[in-house]
1. Can you give me the number of residues within segment A:27-65 that are closer than 16 Å to A:Tyr145 by Cβ and of a type in the set (Val, Ile, Thr)?
2. Filter segment A:127-141 for residues that are closer than 20 Å to A:Arg175 by Cβ and in contact with a strand residue (DSSP E or B) (Cβ under 6 Å, 6 or more places away or on another chain) and give the result.
3. Applying the selection to segment A:205-242, what residues are part of a strand (DSSP E or B) and more than 15 Å from A:Phe321 (Cα to Cα)?
4. Give me the pairs: first residue in segment A:105-121 and farther than 21 Å from A:Val22 by Cβ, second residue assigned to a loop (DSSP other than H, G, I, E, B), beta-carbon distance under 7 Å, and six or more apart or on different chains, which are they?
5. Just to verify a result, which residue in segment A:39-61, among those that are charged (D, E, K, R), modelled with pLDDT under 90 and exposed (fewer than 15 other Cβ atoms within 10 Å of the Cβ), is farthest from RNA strand B (Cβ to nearest atom)?
6. Going through segment A:58-114 one residue at a time, which ones are β-branched (Val, Ile, Thr) and either outside the structural domain of A:Gly160 (by TED's automatic domain parsing) or not in a strand (DSSP E or B) (or both)?
7. Just to confirm my filter: which strands (runs of 3 or more DSSP E) fall fully inside segment A:377-453 and include at least 3 residues that are at pLDDT 95 or above, of a type outside the set (Asp, Glu) and in the same structural domain as A:Gln334 (by TED's automatic domain parsing)?
8. Can you say whether A:Ser518 is among the hydroxyl-bearing types (Ser, Thr, Tyr), near RNA strand B (Cβ under 8 Å from one of its atoms) and at pLDDT 95 or above, as far as the supplied structure shows?
Amino acid sequence: MAQDEQLHKIRHSMAHVMAEAVIEKFPGTKVAIGPAIEDGFYYDFDLPRQLNEEDLESISERMQEIIKEGHEFQRSVVKREEAYELFKKQDQDYKLELLEAIPEGEEVSLYNQGGFVDLCRGPHVEDTGQLNAQSFKLLNIAGAYWRGDEKNRMLTRIYGTAWKNPKELRQYLQRLEEMRKRDHRKVGRELDLFSTHEEAGPGLIYWHPKGARIRLAIEDYWRAEHLKNGYEMLYTPHVGKSWLWETSGHLGFYNENMYSPMQVDENDYYIKPMNCPFHIMIYNTNLHSYRDLPLRWAELGTVYRYERSGVLHGLLRVRGFTQDDAHIICTPDQVEDEILEVLRFSLAMWKAFGFSDIKAYLATRPGEDKSVGDDSAWEQASDSLKKAIEAEGLDYEVDEGGGAFYGPKIDLKIKDALGREWQMTTVQFDFNLPERFDMTFVDHDGKEKRPYMVHRALLGSIERFFGVLVEHYGGAFPIWLAPVQARVIPVADPFNEYAQDVKRKLLAAGLRVEADVSDNRMNAKIRNAQNEKVPYMLIVGEKEKDGDSVSLRRRTGKQQDVMTVEEFIGFANQKIADKEEI
RNA sequence: GCCAAAAUAGCUCAGUGGUAGAGCAACGCUCUCGUAAAGCGUAGGUCCGCGGUUCGAAUCCGCGUUUUGGCUCCA
């Protein structure tokens, strides 16, 4: 803990050193804010001119000098007016604005190092001697709105990373490099999994055959598990008349994410940004008894949402995606059990896909004027969410007031192989739609009552999940997901026919298999298969042909086994069933 | 959407005003090979698009598109 504090001080101090260097290099620069962040720091500047990569170099060099000069970080508490005068004199408008925002009665502290005075709460290291000139690096330049509000002026933000020593910096840079190597956009290209097309519309994903094989494996598993867990499957339309979206309220509160309507027979039809209204239509088709509940209705529903052009990112942020959506419609009595079930189900699913480090975020009621539904329902709902998290022993944080206006929710964040967190699962109560669509069930007493409705997506979106999965495994998928589970490699073309023969047998046994009968040499074929991260390479030549066997080489390298084709089928199917890595 | 940068062969990338290049991949030929790249050859480009400056533009300027890094938002 003390360690983290020290690192935080280093980063925060580094931001000040950077600001000092920038002001020196670019007189007239106005400084905004410069905090420490995860892995580093940034500082926002209003600069007299644009920056480029060379500027980063020279700023960085100056920072190294400043550090070596050994300035002290002097903290002083001053009167508000004093600080005001100081920053007024320097024309530091942003600091003046920040100063005004400090509540009366709170002390105003300044930090001075080498003549650079900053309005700052601190804390900092005592002097630049505690910083290491070789253990920071300026990473990139980006735009950022003053105070994060797009109505404000766009400032220039410089990001840097800083560590205690050069070794830690080196390790961090290696981690960045590893992230670049695993980037799903790069791996997706290399393994021919998916593409997007400028001419055909940004943010829309084209799944290639190999990507589609993985998706099929994901969806097959997903469907089978849902059926086992008492879900029914639905299929619903992709568009709906304006009545549907007016009733649901989406035209009001979700309009900016929806595409313009198309006219059909003088009616406006909207492409769906969500599946829920359709599921409700199915619910409302029939009268429901309390005996029918709970209903668990799932659909791999493809939705389209407008996203601002600047936010699109590979598979992680797109304009068309498939949610692994489901709606649970139940009585108030059933809520607690249902939530617990959903959470258990979700955790089991994550485990199967190779993720076990999971954290929960509980978001509660935003405030009565900003939300619908009565108190007792919100309370019961939040309570059941919390109980479920605790029953499963999950780490969690509460985001007080962070729920949607229509209900509280749990989000799950999963940690990938590189320790990055991704928000995937969401479980949300909805007190709005049952009301708007007048959903009812007939209770014991013969009276119509309002059911509870819970939206949930476990993987979130198939596209995003796939992107995360690619990065988690770096393209080396476990055998049950691998697009090509085995590749048959003949040692020379006289054995092509036998290779094809083996391939046919494996295909018939349900394996995803290819035979490499290109005119490459065997070594090149092995190399290609390795680069494509094919789990099993089956080398066949004279000996194998005679023995009706294959020589198994794993992508992990060394160990080789010779076994008959039948034995290999049994071996591979076992690994697949057990969801082993390889 | 906003700020900045980028876009050259299928991929990765050279090319700073004077005839558009390399490696890999593709295709053809030779070789018939035992666990991470055989050799030779052929073909492949509206240099993102449109407009401008210039005797001449991949290169300079403007507008647009897309991508990347952020801001904001989010599955």
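The values are calculated or read from the model by the stated rules, or taken from the named source; none is laboratory data. Note that the coordinates shown come from a computational prediction; the quantities given were computed from them, not determined experimentally. In this analysis, Cβ positions are derived from the backbone assuming ideal geometry, glycine residues included, and neighbour counts consider all displayed protein chains.
1. So the count comes out to 2.
2. Matches in segment A:127-141: A:Phe136, A:Lys137, A:Leu138, A:Leu139, A:Asn140.
3. Scanning segment A:205-242 gives A:Glu232, A:Met233, A:Gly240, A:Lys241.
4. A:Val108/A:Ile102; A:Ser109/A:Cys120; A:Ser109/A:Arg121; A:Ser109/A:Gly122
5. For segment A:39-61, the residue satisfying everything is A:Glu57.
6. Result: A:Ile59, A:Ile66, A:Ile67, A:Ile102.
7. A:409-415, A:421-430
8. In short, no.
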